[in-house]
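S.K.: Pasting a structure here, questions to come.
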Amino acid sequence: MADQNTYWANLPLPDLINAAMEKVSATRWEPRLAQLRLNATMSVRRYYGELGTIESIEVASGGQVGELKATHVNLYRTYLQQHLDLALGQAPAFMGVPINNNPESLQDALVATDLVEYDLEHLEAEARQAEAAEFALTTGEGYLHLPWDKSLGEAYLVDESGGEVKTGGPALRSHSMFEVVRDRSLPYDRNTWFIVVDRANKYDLAAEYPELVEKILALGNDSIPTWTRPMWCYGETRTNNDTVAVYHLYHKKTPAVPAGLEMVFCDNEVVLVPPIPLAYPEVPLIRVTAGDRPGTSIPHTVAFDLLGPHEAFNRLLSACLSSDLALGTTNVVQPHGNGIKASDMAGGLNILNFKIAPPAAMEFRSHFPELSAHANLYDNFAQRLIGTNPTAMGQVDQRLSGDAIALLDSKALQAAAKFQKACLTMYTKVAQALFQLRKTRTVTEQTIEIVGQDRSYMTRTFGPDNLAKVCTVRMKPTNPSASTPAMKLQEAQFLVSQGVVRSVEKYAEMKATGQVKSGLQGPLSQEMLICRENEMIRQGVNPPVKDTDNHMLHIQEHAINDADPAVRMDPEGLVARANSEHLMGHFQALQNLPPEVLMILGQQPAQFSQQAQAQQRGTPDAEPNEGQPAQQAAGGPETSPPQ
């Protein structure tokens, strides 16, 4: 029996598993989750087209004889999807941050950058992150679980039993809030323990853990607790299902548990990873949420606010539909015994003979415009709640000016700003977690195949020594509006007009795919080269100058090195000498290269270099043009603005 004075995370097996399962079971009756579970269930059902017993794919009948009609126009999903698209935008790029600025560490930082991009692509991180963000928007919160999977990678060792030991690799899975058990009495950032309820095929588990094969195959379908499953999944069948629950228990490093804790188990008999100290820098769990109620751990999302207006809109729309279908056909009233039959009025123009009074049409739809106006009113309420507008959703009024359209687009972006910030934080945490996993778990040198910037395959080799020289990865700053198709097209057109993109094929590719970055490979490569050269110059090393460099840009950027008083006052003058020699190399290249070569490279020939070349060839200088200063004609300083 467990000691009452012992913290549950410090209990031995099997008491630890019993305590963890009690935590899981307690979520079934957690009072703080009751209303949240109800709101989340209603939200997801509306999001996927359910309104009570009505699906968005049908028109249902009700009443005593089917006179009432009910429909579900799923604008709820449309508004949330647009809000989600604005928040997710385009997945940002990341770059490795070296521990120092020497060339070797800078090169290792590039390896780390490629490694993170490789993991993001092969783990389908964009899709998993979108799933977690969708959970957060519709139910209040979503999770991303990043465990280290030892079954991945290549075999590099043979253990004592003759089995292969693989290098392992990161995994990435999305989870709803019902699949993550934690202490709801505290805000999330103060939680110390987490239990992730995952699912796996028991035959795959048996193959991975042959020493537990009999116990794993004996697990039943009822190993997955129903209360950890979303309420909208209660009806799905589990007959002849090979899926079983896998529980991942994590505990942070705290005074009560100094080394932290992690364990993976299915039940008391199937312990896949026994209790060990936490081997991760942080608990490998990332939460995404639209926001919490202040001082609580209960999330809230704008989707909950839309539930009421959305239901009112569809009820009024169903009333309009019932009126239209039941009473839309004109009804005719006449006195009994009038002598006119229905067939007498069929077929078009007829002469009707009546005995008592002429028949009269009855109008039952006079209230239809009022119902329709009320339905549109609730639709407008929903748009104002979520901060969208018809223009942002693609319904552009032709009477609006470009400035007005831009203003409406910016308003929609502003409404999604808070959730967008949460998504950017999620992107950053995922990239940093993947890098830290590689940094702490890589035990041998490995080689991966990546697609370079020119879309050709290349290999990258990395190992513990490379990753040790990189401290983290950080997100490159992005502009939210730059992810819109209109802004991408405008940016591509600007790059063409400025001469940055000179290939028709490259412009067509940028316009078709929206990937503007592909047209910036040349300029970005030059900027990266300049940064590396500046680092070498600060070490007193003069990097070589090539004729194909952008000499004017290099001169302007390298001149910054001389703007440091410490460089100028250095008695040895190593940095100043290296910088001066490097700058002189670019000046000489500008002077010696023919103008036609510079123009082919997209550079404007400098006036002084043309004059110098003329003197070297023995050609007399050109006479000054009328109105041209003699100083310029004689090879003096250029006074026109730089190109």
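We did not get these values from a lab; they are worked out from the coordinates using the rules stated. Keep in mind it's a predicted model, so treat the numbers as computed, not measured. Here the Cβ is made from the backbone with ideal geometry for all residues, glycine too, and neighbour counts use every protein chain on show.
S.K.: I'd like to compare 73-84, 160-171, 275-286: which one has the highest average count of other Cβ atoms within 10 Å, and what's the full order after that?
M.R.: 73-84, 275-286, 160-171
S.K.: Ok, one more. Please give the contour-minus-distance gain from Ile560 to Ala26: 0.36 nm per residue of separation, less the Cα-Cα distance, rounded to one decimal in nm.
M.R.: Full extension of this stretch gives 185.9 nm more.
S.K.: Let me ask something else. Find how much the distance from Tyr48 to Tyr203 grows on full extension, using 0.36 nm per residue of separation minus their present alpha carbon separation; answer in nm with one decimal.
M.R.: Answer, rounded to one decimal: 52.6 nm.
S.K.: Highest mean first, what order results for 377-385, 206-214 on Cβ atoms within 10 Å?
M.R.: Result, highest mean first: 377-385, 206-214.
S.K.: Filter Lys150/Lys202; Lys253/Lys429; Lys23/Lys202; Lys253/Lys421 down to the pairs with a C-alpha to C-alpha distance above 26 Å, please. Mind dumping the intermediate values first?
M.R.: Working: Lys150/Lys202 17 Å; Lys253/Lys429 19 Å; Lys23/Lys202 24 Å; Lys253/Lys421 28 Å.
As for pairs spanning more than 26 Å Cα to Cα, those are Lys253/Lys421.
S.K.: For Ser151 and Glu370, what is the calculated FRET efficiency with R₀ set at 51 Å and r taken between the beta-carbons, to the nearest 0.05?
M.R.: 0.20
S.K.: Additional query: Calculate the FRET efficiency for Arg384 and Asp189 from the Cβ-Cβ distance with a Förster distance of 35 Å, rounded to the nearest 0.05.
M.R.: In this case the efficiency is close to 0.65.
S.K.: Grab the Cα-Cα distance for Asp85 and Ser161, subtract it from 0.36 nm times how many residues apart they are, and report the gain in nm with one decimal. Don't skip to the answer; put the middle values down first.
M.R.: Numbers: separation 76, 0.36 × 76 = 27.36 nm, distance 5.10 nm.
Full extension from Asp85 to Ser161 adds 22.3 nm.
S.K.: Beta carbons within 10 angstrom, averaged per residue: use that to sort the peptides 541-549, 332-340, 37-45, highest first.
M.R.: Highest mean packing first, the order is 37-45, 541-549, 332-340.
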